[in-house]
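Colleague: A single structure is presented below for examination.
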Amino acid sequence: MYSCKVSENSVEIQDSGPVQEIVQDSTELTLEEKIEVRLYKGERTRHFRLLHTKLELSFDWGKQWVFGKALLIAEPYFYEQSSIIVDAKGFEIHDITMLNGLDTSKLNYEYDGQKINIDLGRSYKKGQKVHLNISYTAKINEALARGEMSNNERGIYFINPRGDDQQKPQQLWTHGETDANSRWFPTLDAPNQKSTQEIFITVNERFRTLSNGTLIYSKSNSDGTRTDYWSMDQPHAPYLFMMAVGEFAVVEDDWNGKTVDYYIEPAYEPFARDIFGNTPEMMTYFSEVLGYPFPWNKYSQVIVRDFVSGAMENTSASVFMEDLNVDSRELLDYNWDDIIAHELFHQWFGNLVTCESWANLPLNESFATYGEYLWTHHKYGADEAEYHLYAELENYLNEAENKQEDLIRYYYREDDEMFDNHSYAKGGLILHMLRDYLGDEAFFQSLKYYLKSHEFGKTEVHDLRLAFEHISGEDLNWFFNQWFLAAGHPKLKIEEVYENDVFIVKVWQEQDIDAYPVYKLPLTLDLWEDGRKTQYLIEVDKPYQEFEFGDVSSTELVLVDSEYMLVGEKQHTKSPRQLQYQFSNYDGNVRARLEALEYFLQSPHDSISKIVIAEALTDPFWAIREEALFVFENDSTDFFLDHENVIKDMARKDPNPLVKAGAISVLASKERSAYLDIFRSQLNDSSYSVVGQALYAYLQSKSSAEDVESELLVFEDETNFSITSALADYYIQNNDYGKYDWFVDKILTYSGSDLWYFTKLFGMYLISAPEEQIQSGIKELEYIARNHSQFYNRLSAYQSLELFADVEGVSKTLESIKRNERDDRLKEYYDQ
């Protein structure tokens with residue numbers, strides 16, 4: 001899952017905007033919570049093996065009910081069994097029968113609203129199958145009203161169910177991870193179960209449906225509905241079962257004779273191949289590098305509204321958030337290959353081979369995260385791939401400031417706590433480090449062996465270790481113990497000295513060794529002498545070590561961990577000359593250049609800093625150029641004037657739109673009228689980021705007396721946030737209260753991260769608006785804060801309402817919103 005990740009410390013919506021608004025103090029736990037943390041969260045005991053699931057489903061959209069008939073075929077796992085416990089949350093159970101050939105018999109059962117304990121009538125031995133028919137109605141809203149779950153645990157979501165919202169399509173979709181699918185069908189809802197599947201979905205004729213596996217047939221019914229029959233003949237975990245229903249356009253592609261298709265809103269149908277078009281190439285690359293062809297009989301991808309996460313890797317049918325509803329211009333600024341590659345790599349790691357318990361989630365998510373790196377390196381080259389790793393390390397280290405856990409951990413409160421930057425970012429980095437240690441051939445052969453040995457099965461972390469040991473012949477307990485089964489990371493302090501005609505590099509491991517391991521760290525060390533680089537392999541495995549290199553008094557630079565494999569922190573004080581040397585001599589190592597550049601950006605007016613920053617402005621990698629631009633934002637000295645022409649050229653014609661937009665931003669921080677022609681010329685750029693930044697700069701450069709209304713009208717119908725935020729900022733600054741309807745129209749149009757930001761702008765607009773607009777705007781914000789399906793947009797609207805706490809009635813409204821909120825994350829935030 002490419003997720004809206006919830007840890008005990010923060011909420012983070014990956015790559016989609018609002019981040020880290022909710023902070024929780026994990027040290028202030030109640031006694032009950034502390035006891036819960038200590039409870040062991042291992043693999044669920046398998047009393048039965050789930051073999052097959054058949055579902056017949058129809059819906060009451062207005063009530064958001066699921067009418068279901070389920071056939072579950074199971075057999076005792078080992079021991080003789082006379083009863084079975086089935087997960088079924090929030091159901092009304094109508095009937096449960098046993099199918100024996102052509103005969104059926106009613107079964108007795110007990111139901112507590114969460115699980116059905118069914119008396120099978122007699123004992124069954126291993127190999128003897130039971131066929132259970134369960135007739136039920138899943139009543140999602142009623143369970144939500146009773147406080148049995150939060151909104152992100154519904155399992156099935158009816159979007160615009162009555163069709164009242166003209167700005168939003170009517171849709172239905174499911175999301176099962178970790179155990180929410182048992183809210184819409186009865187099952188053994190654990191990741192260590194695997195079942196084949198049939199689903200009959202009855203919907204209005206105007207809808208298209210999507211599920212796992214193959215669409216066998218569609219049958220029109222006399223009442224204006226249609227029943228679609230989907231069949232999945234390969235076993236997979238119940239949390240990966242899925243449905244999506246809506247008025248989708250379907251764009252067909254293929255890979256090696258297998259159907260690859262993209263389900264998308266009709267308005268974005270022309271851009272479906274722009275968004276997803278790399279999928280077949282990804283399937284080829286992953287199949288080849290893993291030595292295991294794509295395992296499923298088809299692959300579909302669907303974009304839905306109001307998704308509760310970034311994406312979800314349901315077997316053969318991944319679901320994506322609406323942020324992927326973009327046109328070809330938006331893709332000039334950002335493509336979505338990371339998230340697409342992430343979900344696709346899950347089809348092997350997570351779906352074909354599944355973690356046996358959520359404690360072992362990194363066996364799914366660390367691999368999917370590493371799949372992003374593999375694809376980036378294959379498609380876009382080493383610099384982009386290393387920049388990706390650089391960002392992943394930052395993600396992990398930022399989280400580690402407040403949270404350090406074992407990667408594989410069996411003690412936690414909620415399953416959602418596992419979906420953090422340990423399981424994702426740190427895990428992916430550890431896999432990269434292991435690959436470097438073993439070498440490509442052994443690494444990828446081990447993955448092939450792991451997949452083949454456990455295909456259509458479940459694993460724990462030791463299965464992965466044993467696969468690597470089987471191929472490499474090496475005992476890897478030391479590696480897995482320190483990286484997968486221990487918390488923390490190494491913190492290295494490095495010094496270099498010249499003593500008694502010997503050059504010595506001293507290394508300390510400064511992490512708390514009472515709480516964290518003393519690591520065994522195979523590292524590269526680059527020693528530059530007289531303009532020549534010699535690379536050494538060293539092993540840091542003690543709290544303090546010295547590495548001697550003989551008489552090398554003319555050393556220009558020492559770079560420890562020169563391949564940047566370390567998942568940890570380094571403190572190595574270097575002189576400005578050494579860092580300049582590092583920046584200038586590592587053309588093929590973007591992380592070495594970034595590390596050096598970060599130092600000089602802190603003191604940009606030093607003589608050596610100026611030289612390095614000037615060099616960085618023309619660096620071949622876009623992110624280096626972008627970083628270098630930032631120092632000029634508030635610089636009005638001769639340093640800016642010395643590089644003004646370079647920055648102007650970047651604003652006009654840098655090949656990367658984000659760099660071009662950054663250069664425009666720099667010029668906008670100066671005497672804007674001097675660059676009016678540049679701003680105006682870039683209003684016609686293909687990139688939304690460039691146009692948005694140019695529009696902002698252009699509007700800021702115009703005096704209030706000038707009439708710019710006719711120029712703004714060209715952009716008012718745009719929906720891209722880069723452009724609308726520039727207009728909104730202008731209207732706010734100029735108190736243009738004739739734009740209330742325009743703001744509301746954008747509020748109604750947006751969702752996802754765009755709505756999060758725009759709700760805040762709307763609040764700022766209202767602060768000094770006429771009373772009538774304030775009262776009307778408060779109602780708009782209240783509706784979002786109470787009803788929006790995405791928790792972070794409810795939060796954004798609530799925060800905007802707080803600006804009007806002194807307005808009569810708003811304080812009571814805020815209290816009512818807090819009191820009725822059911823999402824645990826927001827409830828905890830509101831309590832604080």
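The values are calculated or read from the model by the stated rules, or taken from the named source; none is laboratory data. Since we're looking at a predicted model, the values are computed, not measured. Please note: Cβ atoms are built from the backbone with ideal geometry, for glycine as well, and neighbour counts cover all protein chains shown. Just the protein is used for accessible areas: all its heavy atoms, side chains included, with ligands, DNA and RNA removed. Shrake-Rupley method; radii C 1.70, N 1.55, O 1.52, S 1.80 Å.
Colleague: Identify all residues within segment 339-397 that are open to solvent by 10 Å² or more (accessible area, probe 1.4 Å) and of a type in the set (A, V, I, L, M); write none if there are none.
Modeller: Passing the criteria: ALA382, ALA391, LEU393, LEU397.
Colleague: Is there a residue in segment 480-492 that is more than 25 Å from the chain's Cα centre (by Cα), in a helix (DSSP H, G or I) and surrounded by fewer than 19 Cβ atoms within 10 Å (Cβ to Cβ)?
Modeller: yes
Colleague: Inside segment 600-658, counting only helices (runs of 4 or more DSSP H) that do not spill past its ends, which hold 3 or more residues that are in contact with a His (Cβ under 7 Å, 6 or more places away or on another chain), at pLDDT 95 or above and of a type in the set (D, E, K, R)?
Modeller: So the answer is none; nothing clears 3.
Colleague: Take the conditions over 23 Å from ARG435 (Cβ atoms) and of a type outside the set (Lys, Arg) and apply them to ASP501. Does it pass?
Modeller: yes
Colleague: Confirm whether VAL567 is within 30 Å of ASP512 (Cβ to Cβ), touching a helix residue (DSSP H, G or I) at 6+ places or on another chain (Cβ under 6 Å), of a type in the set (A, V, I, L, M) and open to solvent by less than 80 Å² (accessible area, probe 1.4 Å).
Modeller: Yes; evaluated as a whole, the condition is true for this residue.
Table: residues versus (1) assigned to a strand (DSSP E or B); (2) in contact with a His (Cβ under 6 Å, 6 or more places away or on another chain); (3) free of Cβ contacts under 8 Å to residues at least 40 places away in the same chain; (4) over 27 Å from HIS432 (Cβ atoms).
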residue	(1), (2), (3), (4)
TRP508	yes, no, yes, no
LEU523	yes, no, no, no
SER553	no, no, no, yes
LEU566	no, no, no, no
GLN582	no, no, yes, no
GLY588	no, no, no, no
ARG593	no, no, yes, no
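Colleague: How about segment 500-549: which of its residues are open to solvent by less than 80 Å² (accessible area, probe 1.4 Å), charged (D, E, K, R) and farther than 19 Å from VAL567 by Cα?
Modeller: LYS506, GLU529
Colleague: Within segment 760-780, does at least one residue satisfy the condition of being in contact with a Leu (Cβ under 9 Å, 6 or more places away or on another chain), under 22 Å from ASN141 (Cα atoms) and of a type in the set (D, E, K, R)?
Modeller: No, segment 760-780 contains no residue that is in contact with a Leu (Cβ under 9 Å, 6 or more places away or on another chain), under 22 Å from ASN141 (Cα atoms) and of a type in the set (D, E, K, R).
Colleague: I've got another one for you. Among the polar types (S, T, N, Q), open to solvent by 10 Å² or more (accessible area, probe 1.4 Å) and at pLDDT 95 or above: is that true of ASN256 in this structure?
Modeller: When the stated conditions are applied, ASN256 passes them.
Colleague: Does at least one position in segment 629-649 carry a residue that is β-branched (Val, Ile, Thr), loosely packed, with under 14 Cβ neighbours inside 10 Å and touching a Lys or Arg at 6+ places or on another chain (Cβ under 8 Å)?
Modeller: No, the conditions are met nowhere in segment 629-649.
Colleague: Looking at segment 117-148 only, could you name the residues that are among the small types (Gly, Ala, Ser) and either at pLDDT 95 or above or open to solvent by less than 30 Å² (accessible area, probe 1.4 Å) (or both)?
Modeller: GLY121, SER123, GLY127, SER135, ALA138, ALA143
Colleague: Might you let me know whether segment 184-201 holds any residue that is farther than 23 Å from LEU50 by Cβ and surrounded by 20 or more Cβ atoms within 10 Å (Cβ to Cβ)?
Modeller: Taking every residue of segment 184-201 in turn, none turns out to be farther than 23 Å from LEU50 by Cβ and surrounded by 20 or more Cβ atoms within 10 Å (Cβ to Cβ).
Colleague: What are the pairs, 6+ residues apart or on separate chains, where a residue within segment 729-748 that is under 14 Å from GLY763 (Cβ atoms) has its Cβ under 8 Å from a residue that is part of a loop (DSSP other than H, G, I, E, B) and open to solvent by 30 Å² or more (accessible area, probe 1.4 Å)?
Modeller: If the second residue must be part of a loop (DSSP other than H, G, I, E, B) and open to solvent by 30 Å² or more (accessible area, probe 1.4 Å), the pairs left are LYS746/THR719.
Colleague: Name the single residue, out of those in segment 659-678 being in a helix (DSSP H, G or I) and polar (S, T, N, Q), that is surrounded by the fewest Cβ atoms within 10 Å (Cβ to Cβ).
Modeller: Here the residue is SER673.
Colleague: Further question: When residues of segment 679-688 are filtered for being open to solvent by 10 Å² or more (accessible area, probe 1.4 Å) and within 18 Å of LEU629 (Cβ to Cβ), how many remain?
Modeller: Total meeting the criteria: 2.
Colleague: Among the residues of segment 96-147, which ones are within 30 Å of ASN820 (Cα to Cα), without any contact (Cβ under 8 Å) to a residue 60 or more places away in the chain and charged (D, E, K, R)?
Modeller: ASP112, LYS115, GLU142, ARG146
Colleague: It is to be established whether one or more residues within segment 59-69 are of a type in the set (A, V, I, L, M) and surrounded by fewer than 22 Cβ atoms within 10 Å (Cβ to Cβ).
Modeller: no
Colleague: If you don't mind, another one. Take the residues in segment 173-199 that are over 20 Å from LYS458 (Cα atoms) and β-branched (Val, Ile, Thr); name whichever of them is nearest to the chain's Cα centre (by Cα).
Modeller: Checking each candidate, the answer is THR174.
Colleague: Here's something else I'd like to know. Does segment 115-136 contain at least one residue that is under 37 Å from the mean Cα position of the chain (by Cα), over 22 Å from LEU51 (Cβ atoms) and in a strand (DSSP E or B)?
Modeller: no
Colleague: Now, a different point. List every residue pair whose Cβ atoms sit under 7 Å apart, with the two residues 6 or more apart in sequence or on different chains, where the first one lies in segment 41-62 and is over 12 Å from GLN197 (Cβ atoms) and the second, anywhere, is at pLDDT below 95 and surrounded by 17 or more Cβ atoms within 10 Å (Cβ to Cβ).
Modeller: Qualifying pairs under 7 Å: LYS41/TYR412.
Colleague: Please determine, by comparing only the residues of segment 104-114 that are assigned to a strand (DSSP E or B) and not small (Gly, Ala, Ser), which one is surrounded by the most Cβ atoms within 10 Å (Cβ to Cβ).
Modeller: Checking each candidate, the answer is TYR109.
Colleague: Using the structure shown, decide if THR279 is open to solvent by 20 Å² or more (accessible area, probe 1.4 Å) and touching a strand residue (DSSP E or B) at 6+ places or on another chain (Cβ under 8 Å).
Modeller: Here the answer is no, as THR279 does not meet what is asked.
Colleague: On to the next question. If only one of ASN151, ASN181 is buried (at least 17 other Cβ atoms within 10 Å of the Cβ), in contact (Cβ under 8 Å) with a residue 12 or more places away in the chain, in contact with a Leu (Cβ under 8 Å, 6 or more places away or on another chain) and more than 24 Å from GLU205 (Cα to Cα), which one is it?
Modeller: Among ASN151, ASN181, only ASN151 is buried (at least 17 other Cβ atoms within 10 Å of the Cβ), in contact (Cβ under 8 Å) with a residue 12 or more places away in the chain, in contact with a Leu (Cβ under 8 Å, 6 or more places away or on another chain) and more than 24 Å from GLU205 (Cα to Cα).
Colleague: Take residues that are open to solvent by less than 20 Å² (accessible area, probe 1.4 Å) and tell me which of the helices (runs of 4 or more DSSP H) falling wholly in segment 706-818 contain 3 or more.
Modeller: Ranges flagged: 721-733, 740-749, 752-766, 771-787, 791-802.
Colleague: For the structure I just gave you, tell me whether PRO266 is in contact with a strand residue (DSSP E or B) (Cβ under 7 Å, 6 or more places away or on another chain), more than 26 Å from GLN445 (Cβ to Cβ), without any contact (Cβ under 8 Å) to a residue 40 or more places away in the chain and not small (Gly, Ala, Ser).
Modeller: Yes, satisfied.
Colleague: Next question. Take segment 525-551 and flag every residue that is of a type in the set (Asp, Glu) and not in a strand (DSSP E or B).
Modeller: Within segment 525-551, ASP530, ASP541, ASP551 meet the criteria.
Colleague: A further question on this structure: Name the residues in segment 207-253 that are of a type outside the set (A, V, I, L, M), more than 25 Å from GLU281 (Cα to Cα) and open to solvent by 60 Å² or more (accessible area, probe 1.4 Å), would you?
Modeller: Passing the criteria: ARG208, TYR217, SER218, LYS219, SER220, SER222, ASP223, ASP233, GLU247.
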